[in-house]
Each structure stands twice: as C-alpha cells, then as structure tokens.
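All remarks here apply to the structure that follows.
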Amino acid sequence: MGTPLLFTPLRLRGLELPHRGWVSPMCQYSCDPAEPGVPRDWHLVHLGQFAAGGAALVFTEATAVNAAGRISPRDTGLYNAAQEAAWQRITAFIHEHSPIGAKVGIQLAHAGRKASTYWPFSGRTGSVPAAEHGWGTVGPTAEAFDGFAAPRAMDASDIAAVIADFGAAAARAVRAGFDVLEIHAAHGYLLHQFLSPLVNTRTDEWGGTEERRRALLLAVLDAVRANVPAEMPVLLRISATDWADGGLDADSSVRLARAAAAHGVDMIDVSSGGAVPHLTIPVGPGYQSTFAEQIRRLAGVPTAAIGLITSPEQAEHVLASGQADAVLMARAVLRNPHWWLEAAHALGAPAPWAPQYERAAPRPG
Ligand SMILES: Cc1cc2nc3c(=O)[nH]c(=O)nc-3n(C[C@H](O)[C@H](O)[C@H](O)COP(=O)(O)O)c2cc1C
C-alpha cells in the first residue's frame, strides 16, 4: 500500500506543503477591546495546537484589512504595526515547533454590511451600537442584512480604499512571516456581497453584469499579487452557491474560478452560502465537495474541500476521487486538535509527532 494521498506533499507555486490536511479559518472573537485587532495568547495557543497536532497548513481566522472590515469588535486585523508584530510571533512559533515544517496562512477579509456585529458568545445578536464600540458599515448598496444596521453604499473612493487596504494587508502578511494568503470572498462578506446578484444591485461599473460584479474581487486580487512574492500561493475562498434562486451557482462559480486564476489565484477553497439569510441548505457529510469537484474539473483550477469532512477515510476519499487537492477541516479539529496524528496512524502513513509528544505515539505491533 502506497502513502495515502492525504499525507503526500502538495506544491503551490514556490511552496511545498508537507501534506494535504489543513486547518480551515476559524474566528475566535478573542481580541482585547483595548487592543483592537491584535491577536493574543489565545490565538497563539489555538493556532499552535494544530501545528503540534500535525496539520500541514494552519489558517488564521478571517482577519480584517481595515478596522471597519471586522465582523465583531473582537476580530483580528492586519492593518497596523501592533497587529503585524503579534502575528509575527504566531507564525514564528508554528514554523519553529511544527514537527513537519507546517506552513501558516492568513485569511484576509472585509465583512462589509455584516461588520460591527456581536460575537457569538456575547449573549447578544445583531449590530453593535456606537456606544459599545460599534461602527458604521459599508456595502455595495444601502440595503441591510437581516435586521443588521443599514450600511452606507460604497462610493468610488471607498472602493479604491478597500482595494488598497487588501494590498497593504498582503504586504504586512509577507512581513509577518505568513507563507500563504487566502482572500475571503465567501459567507456573505464584502467581496461576496459584490459578487452575488442577490446583494449587488448596483448599476455602475461595479454591478449590473456578472463581469462587473466580479470587478472588485479581481482588482483586490491584482492588488494582493502586486504586494506578495511571485512564489507565494494565493487562495480564494468562495461561496460556490448562494443556495437561492437568482444567486450564484455552480456554473457561475466555474466562470469565477477561471477569472480568479487568470488574476493569480492558485487554488479555490470551496464553501457556500451566507449572502442572504433564512436558507434551506442540504447539509451533510462532504456537502460542498461536489462543487469543489466541478470547479476542479471544469475550470482546471486546484481546489480545497471544506464542510463536514470528519474522518481520515472520508478525507482520503475526497482526494482520491478527484474532488479536491487538499482537505480543510474546522469543527472536527476543534474537537481533536491532534486529528492529523491519529489520521496518519489510521491510514498507515508516517505520523508527524512532535518530539515532546513522541512517548504517546502508538507503537507498531
Ligand atoms: C468557530 C468557527 C469559526 C469560523 N470562522 C470562519 C472564518 O473566520 N472564516 C471562514 O471562512 N470560515 C469560518 N468558519 C467556517 C469554517 O471555516 C468551515 O468552513 C465550516 O465550519 C465548515 O467546515 P467543518 O464542517 O469542518 O466545520 C468558522 C467555523 C467555525 C466552527
């Protein structure tokens, strides 16, 4: 029996990832309001545990490219020197302590009309008022998301500023030691808001046709590429379907993947939903992997699968059946941050044990 695909390396541009089992971005809502956007010890321990657990690529949570782009007042950012220095400490830790040379990725994001909201364990929902350090939000139009405060429709200078902010955050990410960037254009956040015909009803150069709705994302990708080394991989997370009539769907996502690849994207991370509320989503094991397969096959762009992938055998199947080139996981690895150690053992691959933990490794025979 050869090495399972899950534990074979993957090259993206100039970077070799030691294997194909990666950590999906997960907001921790754990910044100190006194130091907005600065990741702290929680983030170090949270992300560091996955490196000790054998992950090959650890993604940070959605990290805002400017203060207004944070989902909640407790989100991380990468728009000032204090944030850059704090992220540098985390990338250095993972690089130093991963037993397999794990890489670190950052998900760069702007929440648009879904910004300035309460975090999940705050006991509150909806928009945070100014008195509690909330802020005015922006979006493609002035239409609110599901009872949130209404955003201000972005004008030309707002759009130019957001494009520049993505570029500046990308430059900071390189300086902070990240190996991989992911642009968040899924889950109903700003770039997805512009992409989705259900949200973007503009009639200027940023809306009205599929190409014009895509223009902001492509401009962001150009700004990001201009600020990172040629050998650095850039991933794009998309919602492959809005799960709603008249919204983005599998076919439009194949076209989007082709356009993104032409603007320097190396892999599409295929998620779904989030643009509009109150959807019925057929959630089940691997429920988004079929979109990843379609994009990979029809657009010819590498994909990462995400969504209810929980067992080593299931992850291996996603790769072996050609649905994706890598497997991201979120909740299963929160439950077991050493998932990859156990997965390697289950699949018969050499296990990436940290020397500090080796006495716990299963012995052959
Ligand atoms: C605690 C938590 C925080 C999340 N934060 C983000 C995020 O910052 N960015 C993102 O793209 N997805 C985020 N997600 C979605 C996950 O990355 C993933 O797409 C989703 O949980 C489905 O994968 P799973 O079934 O392996 O959990 C989050 C999920 C969880 C559970």
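The values are calculated or read from the model by the stated rules, or taken from the named source; none is laboratory data. The structure displayed is predicted, hence computed values, not measured ones. Using ideal geometry, Cβ is built from the backbone for each residue, glycine included, and neighbour counts are taken over all protein chains shown.
Considered as a group, the residues in region 311-338 that are in contact (Cβ under 8 Å) with a residue 24 or more places away in the chain and within 10 Å of the ligand (Cβ to nearest atom) include one that is nearest to Leu10 (Cα to Cα), and that residue is Val327. Taking into account only those residues within region 105-137 that are among the charged types (D, E, K, R) and either under 23 Å from the mean Cα position of the chain (by Cα) or assigned to a helix (DSSP H, G or I) (or both), which is surrounded by the fewest Cβ atoms within 10 Å (Cβ to Cβ)? Applying the filter and picking the extreme gives Glu132. Highlighted here are the helices (runs of 4 or more DSSP H) found entirely within region 183-275 that include at least 2 residues which are within 14 Å of the ligand (Cβ to nearest atom): 190-195. Total residues in region 138-179 satisfying the condition of being closer than 27 Å to Val234 by Cα, of a type in the set (Phe, Trp, Tyr) and over 19 Å from the mean Cα position of the chain (by Cα): the figure is 0. Residue under question is Gly54, and the condition is that it be crowded, with 21+ Cβ neighbours inside 10 Å, closer than 19 Å to Asn227 by Cβ and in contact with a Ser or Thr (Cβ under 9 Å, 6 or more places away or on another chain); does it hold? No; evaluated as a whole, the condition is false for this residue.
Can you confirm whether Pro120 is touching a Pro at 6+ places or on another chain (Cβ under 7 Å), closer than 28 Å to Asp146 by Cα and either away from the ligand (no atom under 16 Å from the Cβ) or not hydroxyl-bearing (Ser, Thr, Tyr) (or both)? Full working, then the answer.
Working: touching a Pro at 6+ places or on another chain (Cβ under 7 Å): no; closer than 28 Å to Asp146 by Cα: yes; either away from the ligand (no atom under 16 Å from the Cβ) or not hydroxyl-bearing (Ser, Thr, Tyr) (or both): yes.
Judged against the criteria, Pro120 is not a match.
Filtering region 1-25 to residues that are surrounded by fewer than 17 Cβ atoms within 10 Å (Cβ to Cβ), part of a loop (DSSP other than H, G, I, E, B) and either modelled with pLDDT of 95 or more or among the charged types (D, E, K, R) (or both) leaves Thr8, Pro9, Arg13, Gly14. The residue of region 310-365 that is surrounded by the fewest Cβ atoms within 10 Å (Cβ to Cβ), among those that are aromatic (Phe, Trp, Tyr) and at pLDDT 95 or above, is Trp339. Screening Thr91, Thr63 for residues that are closer than 18 Å to Val162 by Cβ, out of contact with any Lys or Arg (no Cβ under 8 Å at 6 or more places or on another chain) and either more than 16 Å from the ligand (Cβ to nearest atom) or not small (Gly, Ala, Ser) (or both) leaves exactly one candidate, Thr63. What about Pro337, is it part of a loop (DSSP other than H, G, I, E, B), in contact with a Phe, Trp or Tyr (Cβ under 8 Å, 6 or more places away or on another chain) and over 30 Å from Ser196 (Cβ atoms)? Judged against the criteria, Pro337 is a match.
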